[in-house]
Amino acid sequence: KINSKTFNELFEYNDDVEIGGDYIWLNFNDYAGSLITLFSMQLFNNWQFIWEQFNFTNEDKAVTNLYFLSFMVMATYVLINILMAFVIDVFTSIEDAHNKERAQKRSVIDFGKSVQTIKDRWARYQELKDKVDFTQ
């Protein structure tokens, strides 16, 4: 019964489950261990073994399944989507800044070309002016 047990009593390590030596550190015995366990599950690091371990340990499997299922849904659909949205936003802002810088460089180059065109036309005018006698 969930009301008569604390959170740590609900999720404790069970020696009977054979899941590998590294998974002994994934537990809910303290706050740091809980964060590491949930982080490992969020990264899909053999989450089914972690879930199975605590599902086997707890008498009320419905509570364990509800807890882990809700965490996996929140971790995958909400947190990872928020993280991806942040990464995409940063990428697009960098790309926009790069495009803006490229447009500024292009405008400077275009201005330089127009100045050169004016210089060329002025030089051509000077040549024609020297050839043509306007005093007649």
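The values are calculated or read from the model by the stated rules, or taken from the named source; none is laboratory data. It should be emphasised that the depicted structure is a prediction, and the values quoted were computed from it without experimental measurement. For neighbour counting, all protein chains shown are included, and Cβ atoms are generated from backbone atoms with ideal geometry for every residue, glycine included. The area values use the complete protein model at the heavy-atom level, side chains included, leaving out ligands, DNA and RNA. Shrake-Rupley method; radii C 1.70, N 1.55, O 1.52, S 1.80 Å.
Remarks
- Subtracting the Cα-Cα distance of Val87 and Arg106 from 0.36 nm times their residue separation leaves 4.0 nm of extension gain.
- Karplus-derived 3J(HN,Hα) values for the stretch 109-126, using 6.51 cos²θ - 1.76 cosθ + 1.60 with θ = phi - 60°, are 5, 4, 5, x, 5, 5, 5, 5, 4, 5, 4, 5, 5, 5, 5, 5, 4, 4 Hz; glycine and proline are entered as x.
- Asn29 versus His98: modelled label distance in nm, points set 7 Å from Cα along the beta carbon direction: 4.9
- Virtual paramagnetic centre 7 Å along Cα→Cβ of Gln42, amide N under 16 Å, in the stretch 54-80: 68-80
- Excluding ligands, DNA and RNA, the accessible surface per residue across the stretch 81-135 is 95 Å² with a 1.4 Å probe.
- Placed amide H near Asn27: partners under 5 Å, 5+ positions off or other chain: Thr37
- Distribution of pairwise C-alpha distances over the stretch 81-135, 5 Å bins, in %: 5, 16, 10, 12, 8, 8, 8, 6, 7, 5, 5, 4, 3, 2, 1, 1, 0
- Shown for the stretch 81-135: the carbon plus sulfur share of the solvent-accessible area, taken with all protein chains present and a 1.4 angstrom probe, equals 64%.
- Between the stretch 49-84 and the stretch 85-136, the alpha-carbon center distance in angstrom: 60
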